[in-house]
Every structure is written in C-alpha cells, then in structure tokens.
Amino acid sequence: MPTRPSETPVVIASNRGPVSYRSEGDDLVEVRGGGGLVAGLQPLLDTGRATWIAAALSEDDRSAVARGLPGPSGPVHLLDVGTGDLERYYDVVSNEVLWFLHHGLFDGAHSPTYDDDWRESWQAYRRVNRAFAHAVCEHSPERAVVLVQDYHLTLLAPWVTTQRPDLRLVHFHHTPFAGPSEVRSLEPTALQEILSGLAAHHACGFHTPRWEGNFLRCVDDRSLPAPRTFSSTLSSDLGAIREVAASAACAAALARLDEQVGDRFVIARVDRMELSKNVVRGFESYDRLLRIRPDLRGRVVFVAHCYPSRLGVPAYRAYRDLVVETVDQVNERWGDAGWTPILLELDDDFTSSVATYRRYDALLVNPVRDGLNLVAKEGPAVNERHGQVVLSTEAGVCGELAGAADEVNPFDLVATSDALAAVIDRSTEERRARSEQLRRDAEARTPEDWLADQLRAAE
Ligand code: F6P
C-alpha cells in the first residue's frame, strides 16, 4: 500500500540543528538551537515523524557527540566533522564565499580570491557534504522525504540518490540566490558542482520567485536539467512570540526600556551583526536625519539590537568594530547629557528584543539583500504603538508587505532618512491603517504552511 504523505517519514539535514550543548562544570546542558531555519522546522520534529541531522558546531557539541549525545535512538544526530574541516566548510566556503556571493557582498577589488588555501577549503566543504550524505543514507527510513536546508549543503543530492534511489530530496535555500552574471564570481569548478548538486534534487525551494528565477537562469545558463522549483515564504511562530511578549520577563524588559526612552519616538532594529543587514548605512541615514531635522534632536531615539555573529570570519569582526565606532560617532556628534541618540544592545536576548518590538514607533529593516527577513513580520505582530516599517526593496519579505511598509533602496541614505522622517511626520490615522495592514500581512502565513509546501514538493 502506498504511504500517505502525512505518514511519510521525514529527514532534515541542516548545518545548525535543533539542539546544541553548553558545558556547566562537568555536565553538558542541552540548549535549543536558534535562528529562523531551526524555528521553522521545529514543528516537524515535534510531530515525532522526523529525524534531524546537523553539524556539531562548537567544542561543547563535539564533547556531546563523544559522550554519545543526543543519543542514538533519538531523533537528532549531530555530526562531528572535525574542527579543521568545520572551519573551512562553515567559515570559509559557506560564510565568506557563498553567503557573500548570494547577498551581493563581494567588492570585486579585494574579494573574492581563489588561491591554494581556497582549494583546500573547497575540498573540506566537499568532505563535510559527503559526511552528511553518508548520514542521510544511514538514518533515512525507506522512502523518506529528505529536506536539505541551505547553502551549506548543496552537494548531497548526487551522492545520496546514487546510494538510496528510494529517497526524495527537496532542497530549500534560505538565502537569496545570485543571478547568472553574479555567480560567475564563484570559482568555476565549485560553481559547476554546486549547480549540478542542486539540480539533482527532486525539487528546490526559495523564499521568493525572484531567487527562484535567478536559480533557474543559472541552471539554464549551464544547460543543466532543471529540477522542479517552488517559492514559499517562511513565517515565524507568531503564537510563540506573543507568549514571550505576554511574559513577566518581557514586561520587565519593557519597563527598563521605557525608563531609558521615555516618550520619545523610537526607531528600532533587531539583527545579527551582519554585513548583509546593512547596519552601518542604517546609522548613517539616522545621522543625516538628525542633521537635516534639528527639531528631532532629543525627541527620537534609535534602539538597536545588534548581536555579534560568525566571529570566526575576519570580515564580521571588522564589521562589528565598524558598527560600534559608527554608533559612538553619532552619539558623540548629537548626544548630550540627557539624551543618547543610539542605544546599542549587543546581547542576544530575545525577550528584550520582543520588548523593543512592542515599543517601537518605526522599525528599520534595510538589508543590502536578504533571503526573506523574519524581523519585518515579527515586529508588526506584537507591536503596540501603530509602528511603521521602513523596509529594503532587497529583502525577500518586501513583496509580502507591499503597500503597508515604506520601501527604500538600502544603499540610498537620503531615501532612508527621508522615509524615517515621513513616518515620524505621518498622521495617527495613516499610521494605524498601515500598522493594521502590516499585522494582517505578517499573519497571513504560518511555519506549517511553509513545511507543507516543502513536503508537497516531494510528491
Ligand atoms: O539565512 C539563513 C540562516 O541560516 C538563517 O536561518 C539564520 O538566521 C542565519 O542564517 C544564521 O546563520 P548561522 O547559522 O551561520 O548563525
């Protein structure tokens, strides 16, 4: 009898998994994995029909694997691929090269560079992908659907389908996908292998038709057979975020914030300290706003949650320093004893980020390019101030919030500060109408819709 889709076993393969470990004395404590990808896939794990294979990313994760954790009979398997290969696969190939490529972050004059060291890193990326392929073959029940996630794991499919033709592989790409001219800045053998690796899936999914179209053009450019493709946007679990918003801890965080900002107009952002998030241009736009609108000095405050990320990559360390330096300059230029123009929060504390979601009057989401951007949906879902969203045209989520958000080109400092000025000057009536529309748009889809689209693509 054929298996019904709702009974089909599912295997997830992703770099970051649903659990990680933290040492406390001699013990290893299990911690829930973070990030949008993990949150989106978690409901599938909760159904009990999924197995999840992920990389052991930290020293503590590797110790856990050595001690037999999370346990061979459980649904989660962490792969220890060795620190040398992990660094090259994650920091170099995935984050310094593929992430930069798909987010349009290369500057041409200095990066990328493909030397002998790069070639070693590429071999490490291949080895890690092969280790994942072995694990998928080993842990997949017969005729399972395998959901392969993101740019870290593009090479699995040809290896897995040769060994296990009974499996159906669906790839989902969480980042943007660069267009055919842009991908030419990737080293040619790597590019060829990545595109044929992706094309070997039963189907490939993207957050928006724009990234899907770019992928199809890249595949077509090389005369590769195109797999089935689909676009499906992810959403956060807004119920869970509302629970955080309603918690006593969030109320306390909001009270602390209120004490700092008083009744000022709050511009906010919540991001990883990430080059593609365009944090520095955001502060430069705010700097211009304070220059051209002296009446706003002392009346607005920028609350920026920017938590450090990927500090193994030199460009991220340099960017973190630049962000802090830019904040210091703006605060020094315009601040006074009673007013700090930018409040920079470096801790990754979700509860206090949600408190800021509740309190902002304008949310700035201005990535250079973004696969989707969940912050632009999470904020409007819990905001209590008829908050507006100033949104980059290059964020995947832009189409979903069209008409309700204020769209800006992320490179245009004048347009961004003018958009901030426009939302500050906007009538209460229009603010209310737009914020209600933003909320409806944010609520239109659930993580389950996104999962269902991936499973349907496997049929
Ligand atoms: O955009 C892809 C993604 O995996 C997101 O899900 C997540 O927020 C981000 O990248 C985190 O990256 P990393 O796992 O490298 O910290």
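The values are calculated or read from the model by the stated rules, or taken from the named source; none is laboratory data. Just so we're clear, the structure is a prediction, and the values are computed from it rather than from any experiment. As a convention, Cβ positions derive from the backbone with ideal geometry for all residues, glycine included, and neighbour counts pool all protein chains shown.
Could you grab me the full set of residues in the range 316-338 that are of a type outside the set (A, V, I, L, M, F, W, C), part of a helix (DSSP H, G or I) and more than 28 Å from the chain's Cα centre (by Cα)?
Hits for the range 316-338 are 329, 331, 332, 333.
Based on what the data block shows, is residue 107 away from the ligand (no atom under 14 Å from the Cβ), within 21 Å of residue 275 (Cβ to Cβ), in the same structural domain as residue 51 (by TED's automatic domain parsing) and surrounded by fewer than 18 Cβ atoms within 10 Å (Cβ to Cβ)? Before the answer, list the steps.
Numbers: away from the ligand (no atom under 14 Å from the Cβ): yes; within 21 Å of residue 275 (Cβ to Cβ): yes; in the same structural domain as residue 51 (by TED's automatic domain parsing): yes; surrounded by fewer than 18 Cβ atoms within 10 Å (Cβ to Cβ): yes.
For residue 107, the condition - away from the ligand (no atom under 14 Å from the Cβ), within 21 Å of residue 275 (Cβ to Cβ), in the same structural domain as residue 51 (by TED's automatic domain parsing) and surrounded by fewer than 18 Cβ atoms within 10 Å (Cβ to Cβ) - is met.
Just to be sure, is residue 417 under 28 Å from residue 287 (Cα atoms), modelled with pLDDT of 95 or more and crowded, with 21+ Cβ neighbours inside 10 Å?
Values: under 28 Å from residue 287 (Cα atoms): yes; modelled with pLDDT of 95 or more: yes; crowded, with 21+ Cβ neighbours inside 10 Å: yes.
Here the answer is yes, as residue 417 does meet what is asked.
Out of all the residues in the range 247-264, is one or more polar (S, T, N, Q) and farther than 22 Å from residue 371 by Cα? I'd like the intermediate steps shown before the answer.
To start, the set of residues in the range 247-264 that are polar (S, T, N, Q) comprises 247, 260.
Among the residues that remain, those that are also farther than 22 Å from residue 371 by Cα are: 247, 260.
Checked the range 247-264: at least one residue is polar (S, T, N, Q) and farther than 22 Å from residue 371 by Cα.
Restricting the search to the range 39-91, which residues are at pLDDT below 90 and of a type in the set (Val, Ile, Thr)?
47, the sole residue that qualifies.
Given the conditions (1) loosely packed, with under 15 Cβ neighbours inside 10 Å; (2) not assigned by TED's automatic domain parsing to the domain that holds residue 379, and given that residue 196 satisfies all but one, which numbered condition is not satisfied?
(1)
Could you check the range 328-343 and list, in sequence order, the residues that are free of Cβ contacts under 8 Å to residues at least 40 places away in the same chain and either more than 21 Å from residue 270 (Cα to Cα) or aromatic (Phe, Trp, Tyr) (or both)?
Selection gives 332, 335, 336, 337.
Taking the conditions exactly as written (part of a helix (DSSP H, G or I), touching an Asp or Glu at 6+ places or on another chain (Cβ under 9 Å) and within 27 Å of residue 211 (Cβ to Cβ)), does residue 133 satisfy them or not?
Details: part of a helix (DSSP H, G or I): yes; touching an Asp or Glu at 6+ places or on another chain (Cβ under 9 Å): no; within 27 Å of residue 211 (Cβ to Cβ): yes.
No.
Looking at the range 125-143, which of its residues are surrounded by 19 or more Cβ atoms within 10 Å (Cβ to Cβ) and closer than 14 Å to residue 75 by Cα?
135, 136, 140, listed by residue number.
Failed condition for residue 364, given (1) outside any helix (DSSP H, G or I); (2) within 18 Å of residue 301 (Cβ to Cβ); (3) within 16 Å of the ligand (Cβ to nearest atom), with all others met?
(3)
Out of all the residues in the range 57-65, is one or more under 20 Å from residue 27 (Cα atoms) and hydroxyl-bearing (Ser, Thr, Tyr)?
Step one: list which residues in the range 57-65 are under 20 Å from residue 27 (Cα atoms), which gives 57-65.
Add one more test, that the residue is hydroxyl-bearing (Ser, Thr, Tyr), and what stays is 58, 63.
Scanning the range 57-65, I find at least one residue that is under 20 Å from residue 27 (Cα atoms) and hydroxyl-bearing (Ser, Thr, Tyr), so the answer is yes.
When both residues are 6+ apart or on different chains and their Cβ atoms are under 8 Å apart, which pairs have a first residue that lies in the range 367-385 and is more than 13 Å from residue 444 (Cα to Cα) and in the same structural domain as residue 208 (by TED's automatic domain parsing), and a second that is more than 11 Å from the ligand (Cβ to nearest atom) and among the β-branched types (Val, Ile, Thr)?
As it stands, the answer is none, since no pair meets every condition given.
Collect the residues in the range 19-41 that are in contact with a Phe, Trp or Tyr (Cβ under 9 Å, 6 or more places away or on another chain) and away from the ligand (no atom under 11 Å from the Cβ), keeping them in residue-number order.
19, 28, 29, 30, 31, listed by residue number.
Residue 361: outside the structural domain of residue 182 (by TED's automatic domain parsing), of a type in the set (Asp, Glu), touching a Ser or Thr at 6+ places or on another chain (Cβ under 8 Å) and in contact (Cβ under 8 Å) with a residue 60 or more places away in the chain, yes or no? If you could, list the steps in order and put the result at the bottom.
Details: outside the structural domain of residue 182 (by TED's automatic domain parsing): yes; of a type in the set (Asp, Glu): yes; touching a Ser or Thr at 6+ places or on another chain (Cβ under 8 Å): no; in contact (Cβ under 8 Å) with a residue 60 or more places away in the chain: yes.
Spelling it out, it is not the case that residue 361 is outside the structural domain of residue 182 (by TED's automatic domain parsing), of a type in the set (Asp, Glu), touching a Ser or Thr at 6+ places or on another chain (Cβ under 8 Å) and in contact (Cβ under 8 Å) with a residue 60 or more places away in the chain.
Mind checking which residues of the range 295-315 are in contact with a helix residue (DSSP H, G or I) (Cβ under 7 Å, 6 or more places away or on another chain) and within 16 Å of the ligand (Cβ to nearest atom)?
The answer is 305, 306, 308, 309, 310, 311, 312, 313, 315.
Residue-by-condition table, conditions (1) part of a loop (DSSP other than H, G, I, E, B); (2) at pLDDT below 95; (3) farther than 25 Å from residue 17 by Cβ:
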residue	(1), (2), (3)
153	yes, no, no
157	no, no, no
160	no, no, no
172	no, no, no
176	yes, no, no
192	no, no, yes
197	no, no, no
211	no, no, no
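Considering the range 198-236 alone, what residues qualify as being of a type in the set (Asp, Glu) and out of contact with any Pro (no Cβ under 9 Å at 6 or more places or on another chain)?
Filtering the range 198-236 down to residues of a type in the set (Asp, Glu) leaves 212, 220-221.
Hit for the range 198-236 is 212, nothing else.
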